Ligand SMILES: Cc1ncc(COP(=O)(O)O)c(C=O)c1O
């Protein structure tokens, strides 16, 4: 710890105490026994790919999301790639995506040979809305990927109307929004397809990599089931060496399906816990720190607790010195990442501004209230001499 930090640490913030950014142990502990029993059964069966556990989870996940079908896949990136391929998107097609997202959204578009059209986001929410999309539509635009970043949904009715008006396919990247709703409808159920990651740190996280695509369109469901399994046909008896389309290998492991089914039973409670923690943050944060907002009809899943702070890098360093873990989602907007600059539309002022101000605070189910208070106190302390971030560009 630097002398400066040591000198300024208030007595009620012992430098040795730490608040981790994420503690997976709190949710792992809840399901560990049930998962062990389930894994023992899988080990005894010697069936490690597919099987009734995968089918059971797929049914549970579709029912949870409010869609007809769910297809388990290897990870969230594959979910996006398979969804784009199932919708026949490829070379010559433009796909509108927010510049503030995890790189996988852009990666998937490029991997299928389509063109990412990066657009700006709202300063208040960090999300891409219908207005930003509308301004970016060209005659080559075929699809929109709404990214429910941080577990928040943009105005999905507006976005849906925009897609319908222009004859565009709406795809959801719901990797951070398991269980989030807009007017009671769950993330994943708005678009032609919804794509999920079950990476361990997600609201519903596997014990390894996993993902899923949800849809209510039987044709899309069948194509994805086939493509994730080397293009094998569905339902046929002689299918092992029968390949009816070019596919890939992206199946959900049986042990991950067991884990996900066990955790799904707790997801609503864990999301409720996150919502309560977000409310506590909102009341305790100092005025120098501005949380990103939630739109009125959205019931967020609060995957991340993102705030805007002045002098972000200095603030993070000082929090770290006080034992408080933070993250940045994301430090470089996608259109400014080296491999994606080729598709940069030029300046995107809001996302560029946000990327220098945002910091993600500790957030996970069972994060103790006392830790939230400690983070807020620390933020008040390390930002006491700073001007709050303003909403006008150039500030
Ligand atoms: C918004 C978003 N999209 C896609 C992905 C990709 O998921 P995965 O890491 O499972 O491939 C992630 C995961 O971090 C994500 O946060």
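The values are calculated or read from the model by the stated rules, or taken from the named source; none is laboratory data. All of these numbers come straight from a predicted model, not from anything done at the bench. With ideal geometry, Cβ positions are generated from the backbone for all residues, glycine too; neighbour counts draw on all protein chains shown.
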How many residues are within 16 Å of the ligand (Cβ to nearest atom) and under 22 Å from residue 358 (Cβ atoms) if we restrict to the stretch 108-131?
-> 8
How many residues, within the stretch 190-203, are more than 10 Å from the ligand (Cβ to nearest atom), part of a loop (DSSP other than H, G, I, E, B) and touching a strand residue (DSSP E or B) at 6+ places or on another chain (Cβ under 8 Å)?
-> 3
For the stretch 50-78, pairs from a residue that is under 23 Å from residue 37 (Cβ atoms) to a residue that is part of a helix (DSSP H, G or I) and within 16 Å of the ligand (Cβ to nearest atom), with Cβ under 6 Å and 6 or more apart or across chains, are 53/257; 54/257; 57/257; 57/260
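Restricting the stretch 275-286 to residues that are in a helix (DSSP H, G or I) and touching a strand residue (DSSP E or B) at 6+ places or on another chain (Cβ under 8 Å), which is surrounded by the fewest Cβ atoms within 10 Å (Cβ to Cβ)?
Residues of the stretch 275-286 in a helix (DSSP H, G or I): 275-284.
Filter once more, so that each one left must be touching a strand residue (DSSP E or B) at 6+ places or on another chain (Cβ under 8 Å): 275, 277-278, 281-282.
On the way: 275: 16, 277: 23, 278: 19, 281: 23, 282: 14.
The selected residue is 282.
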Matching helices (runs of 4 or more DSSP H) fully within the stretch 309-386 where at least 2 residues are modelled with pLDDT of 95 or more and closer than 18 Å to residue 124 by Cα = 349-355
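Listed here are the residues, each with its yes/no results for (1) buried (at least 16 other Cβ atoms within 10 Å of the Cβ); (2) within 16 Å of the ligand (Cβ to nearest atom); (3) under 19 Å from the mean Cα position of the chain (by Cα); (4) free of Cβ contacts under 8 Å to residues at least 60 places away in the same chain.
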| position | (1), (2), (3), (4) |
| --- | --- |
| 162 | yes, no, no, yes |
| 171 | yes, yes, yes, no |
| 178 | yes, yes, yes, no |
| 215 | yes, no, yes, no |
| 242 | no, no, no, yes |
| 247 | yes, no, no, yes |
| 251 | yes, yes, no, no |
Are any of the residues in the stretch 222-238 within 14 Å of the ligand (Cβ to nearest atom) and out of contact with any strand residue (DSSP E or B) (no Cβ under 6 Å at 6 or more places or on another chain)?
-> no
Does the stretch 132-151 include one or more residues that are surrounded by 20 or more Cβ atoms within 10 Å (Cβ to Cβ), away from the ligand (no atom under 11 Å from the Cβ) and part of a loop (DSSP other than H, G, I, E, B)?
-> no
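Out of 77, 105, report the one residue that is within 16 Å of the ligand (Cβ to nearest atom), touching a helix residue (DSSP H, G or I) at 6+ places or on another chain (Cβ under 8 Å) and either under 21 Å from residue 181 (Cα atoms) or outside the structural domain of residue 221 (by TED's automatic domain parsing) (or both). Show your work before the answer.
Numbers: 77 fails: either under 21 Å from residue 181 (Cα atoms) or outside the structural domain of residue 221 (by TED's automatic domain parsing) (or both).
None of the others qualify; the one that does is 105.
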